[in-house]
Each structure stands twice: as C-alpha cells, then as structure tokens.
Amino acid sequence: MCDQTFLAITFGPCDNCSQNKPLMNIYLKNEPINYCSLCVELMACQGLAKGETIHTLKTESETLKAKLEEERAKLHDVELHQVAEKIEALGQFVMKTRRTLKGHGNKVLCMDWCRDKRRIVSSSQDGKVIVWDAYTTNKEHAVTMPCTWVMACAYAPSGCAVACGGLDNKCSVYPLSLDKNENLAAKKKSVAMHTNYLSSCSFTNSDMQILTSSGDGTCALWDVESGQLLQSFHGHSADVLSLNLAPSETGNTFVSGGCDKKANVWDMRSGQNVQSFETHESDINCVKYYPSGDAFATGSDDATCRLYDLRADREVAIYSKESIIFGASSVDFSLSGRLLFAGYNDYTINVWDVLKGTRVAILFGHENRVSTVRVSPDGTAFCSGSWDSTLRIWA
Amino acid sequence: MSNNNASSSSVAVVQKAVKQLRLEAKIRRINVSQAATDLKNFCLQNGHKDPLLVGVPSSDNPFRPPKSCGLL
C-alpha cells in the first residue's frame, strides 16, 4: 500500500533555518517551499504582538476562515460520485450474522479485533471486559473493571495485552496470560490519566505506546511501561469521542472527532493540529481512516457519514438518506475501501458504496442501538456490538 | 471553555485560534478531481482482494459454514 499520509515524508534542509529536519510543504506568497515545523510555527506567530486587541484578532480570524473556504472551493472542480459514474455498480450483497457472541450482561460499548483475525475484545456498561475467540464463540478471558461504562477497549498488536477505560478517567493495560485461572486484575497497569471519561484508546504500532482521547477535550500519547505522558494534543473545544491512527508503517498522524463537530488531524511527534474539518451539524461519534491513508470517514449524530480527503483538504462525499434520521455511532471501511459499514442508533447497519455514495445494503438483527462496528484485519468479516448486549459477526 | 474575567486569557485564546488558522491557510492542496481519481484507483486496484466485496468461497472463509458436510 502506498504511504500517502498528508504530513510530509520529505526530510532535508529547511528553506529557512537550513537544519536537516522533517519538512512541511507549504505555500508562501504562492511559491511552494519547505519549512521545518519550528520555522512554520515561528512564521505564524509573527505579528501576534502583545499590543493586538481582541477586535483586530477576531477580524483576522474571520478573514482567514473566509480565505480558507475560498481556497478549498477553488479546487472543488468535481464531485467524487461523478468521477465514479463509469464504474460498475455493486451487485446484491448477502451478508448474514454468522456468529452471535452472548455473555455481556449489559450494553456493549466497544470492541476491537486482535491481529490474529480471530480474537476479539469487547467492553460493556457493567464494567466487564471479555476476550472472545470469534471462530468458536468461546470466552477466553474476562475482567471486571472497577468502573462502569467502559467506553474504550483495544487489543495490543502482539495480542498479549488489552487496554480499556471509561468513567474511571484512566486507561488500564491488562497483560493476557495463557493460564486461564490467573487473576488478570492483579496484573493491571494504569497508563493514562485524564480529567474526564476516556472515550477511545488505541495502541500505536507497538505494545509500548497508547493513544487516548477523553471527555476533557484532549488526546494524549502515553508510554505504557512508565505511564509517562509523551505528547498531548489540544485543540478540540468539547469532548473528543473517537480517534484513529493513520494506516502507514511509520504511523505519524491520527485523526480525532468530537462534540465540537470538528474532525482534527494531528502530527504525533509535534502535537500540532495540522488540518481541521468542520462540516458536520452535530457531534462526530466515530472517525476512521480510508485504507490508503489519504482520506477518512466520520459518523455523526446528524445522521450522516462523510468522507474527507486530506490532500484536497475538504469533504468529498456525504452518505445520507432522508429516511435515516438516527445518528451513526460507528463506521469502518472494508479492505479495499469500497464499502463503508456504519452502525446507527436505529438498530441497523447500513453498507455504503464509498465511491458512488449510494447505500448497497441494510443489515437488521440487533435489538438495540449499534454502538461499534469493526472489520476484521484480513477483511473476511466484520463485527458489530450493540446495546442489546450481544456482538454479531457478519460475513 | 471557562469564562475568565481577565481579558488577557481571552486574547490568548483568540491569538491561538488565529495562529492555527494561519497555519491551515498555508497548506498545499490538490484538486478534488485528482484526489477523487486516486481514491477510485485505490478501490479498483484492491477490490479483487477484498473478501467482503467479492466474496470468498465458503471453504476459505472461517466464518461461513462449508456447504457440504463430510460425514460419509
């Protein structure tokens, strides 16, 4: 897969300070130049002298916003579905529930697949975190957290640990042991500390670092071993509900979405917010990168899912229907990015053709809100978790 | 956001917003037509490998039960 995340992969001498650093590609007076992130920040600070009043700053803020819209509109020469007109339409989809995982006593809030494509970790409102074998539907491990509403859970890349958190404002890592009788809670390690609930967590490419998002409006990167905060990300003005790491081997950026209706793209090393998108009309519940890393999709309480392209820096598609009035809680792409699976609060899962913008299937089965949808790592199936306390594997 | 009476903090907030907007205004963008074409090409190139899109035979999919039961 080509590595095409927005943030520059170029490394070399900065046009301003001449030091060898990772470079950002920007325009200065319509000329393309390469500055290191430090010089870009210094340049942006010019003119922000102490004498400025709120009034002048606000005027500049309005002018800049208008200019941003104008620049984005200039490049809006065609719609995605127009480019996709000539492609063959997708045929009928037959997707059924192949497995139902029962065992949670209360609403399932989150789930994640293990990289072995077989194991799943899920968390629920009553504080239980369960590790399942999806082929046999057996429960392999179960942990009871000391808090309720465990809204976030994640499987470590090695498959040897799971991370979870929720109303306890923390993210805890539990190493999974092969001994079924061992008390997992005894080995628990508290990694992240936020000042409000934990909404989402994800391991980076290794078991050593965890990225978290919280109701306190921030995201943070932590070292698992020491529990130390490595980087924090400030920029949202309300609860951050979801985050997703870019699918590149180098893993430099991630996207987050929140109750301020904004989706922000961040540079993990500098903590800087590099791009921001605000077209949704309500809270963004879920964000997910497109498999190539050049775009991402969002699901929101305004009953739409949208696709934003990072290189064009704008929204390029909306997936909505007048008949869909309930919010989308969770989205995920199929392996090729052609299908978008979205779970809604009206108990259904809608499958969208990403390129054409049309809906190709509705999946019924859950008896309450669908809270989480994730495609398996090899793309052969996807799993949905619901407030009806079950998880379903569809293929 | 808490409402501080000290005007210096609200100036700092707006300064931060202006600084962020200046950064965002300068980034390089491409045409939607080019971005859309790249998305389309990615889908088409990887489509045949996508099990949920093209479907795999039941024998290859661990979740689908095989059609024939090899009892006899």
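The values are calculated or read from the model by the stated rules, or taken from the named source; none is laboratory data. In this text, all values refer to a predicted model and were calculated from it rather than measured experimentally. When we count neighbours, we look across all protein chains shown, and the Cβ atoms used for this are built from the backbone with ideal geometry, even at glycine. SASA here: full protein model, heavy atoms, side chains in, ligands and nucleic acids out. Shrake-Rupley method; radii C 1.70, N 1.55, O 1.52, S 1.80 Å.
Observations on the model:
- Convex hull volume of the stretch A:31-128 per residue (C-alpha atoms, cubic angstrom): 345 Å³
- Shielding by partners, peptide A:78-88 (average Cβ within 10 angstrom, other chains): 4
- Within 10 Å of the Cβ of each residue in B:56-64, the mean number of Cβ atoms contributed by other protein chains is 4.
- With the simple spin-label model, which puts each label point 7 Å out from Cα in the Cβ direction, the A:ILE318 to A:ARG115 separation comes to 3.9 nm.
- Whichever lysines have a C-alpha closer than 21 Å to that of A:LYS96, once near sequence neighbours (fewer than 8 apart) are set aside: A:LYS117, B:LYS49, B:LYS67
- Where labels lie 7 Å past Cα in the beta-carbon direction, separation of B:ARG28 and A:PHE326 in nm: 4.6 nm
- Partner shielding of A:91-99 amounts to 2, given as the average count of beta-carbon atoms from other chains within 10 Å of each residue beta-carbon.
- Cα Rg, Dmax (largest Cα-Cα span) when computed across the stretch A:150-193, Å: 10.5, 29
- Segment A:ASN138-A:LYS102, length gained on full extension (0.36 nm per residue, minus Cα span): 12.0 nm
- Solvent-accessible surface ranking, highest first, for A:TYR290, A:TYR135, A:TYR27 at 1.4 angstrom: A:TYR27, A:TYR135, A:TYR290
- Under DSSP loop assignment and at most 10 Cβ neighbours within 10 Å, longest trypsin sites (Lys or Arg not before Pro)-free interval of chain A: A:181-395
- Per DSSP, loop chymotrypsin sites (Phe, Trp or Tyr not before Pro) in the stretch A:268-377 with at most 14 further Cβ within 10 Å: A:PHE326, A:PHE364
- Within the stretch A:290-329: backbone nitrogen closer than 20 Å to the A:GLU70 label point (7 Å, Cα to C-beta): A:313-315
- FRET efficiency for the pair A:VAL94 and A:TYR27, taken as 1/(1 + (r/R0)^6) with r the Cβ-Cβ distance and R0 = 56 Å, rounds to 0.70.
- Over chain A, Cα pairs under 8 Å with separation of 6+ residues give a relative contact order of 13 percent.
- Working note: 222 nm ellipticity from helices only, DSSP H runs with n ≥ 4, each -39,500 (n - 2.57), summed and divided by the residues of chain A, gives -2500 deg cm²/dmol to the nearest 500.
- For the listed peptides B:45-53, A:215-223, a ranking on the average number of other beta carbons within 10 Å per residue, highest first, reads A:215-223, B:45-53.
- Spin-label zone in the stretch B:13-33 - amide nitrogen under 19 Å from a point set 7 Å from the Cα of A:ASP15 along the C-beta vector: B:22-31
- Model label sites at A:ILE54 and B:VAL13, defined 7 Å from Cα along the beta-carbon direction, differ in position by 0.8 nm.
- Unit Cα scatterers, Debye sum, the stretch A:83-394: log10 I(q)/I(0) for q = 0.06, 0.16 Å⁻¹: -0.17, -1.37
- Cross-link table A:LYS67/A:LYS261; A:LYS65/A:LYS170; A:LYS86/A:LYS262; A:LYS21/B:LYS19, entries beyond 30 Å C-alpha to C-alpha: A:LYS65/A:LYS170; A:LYS86/A:LYS262
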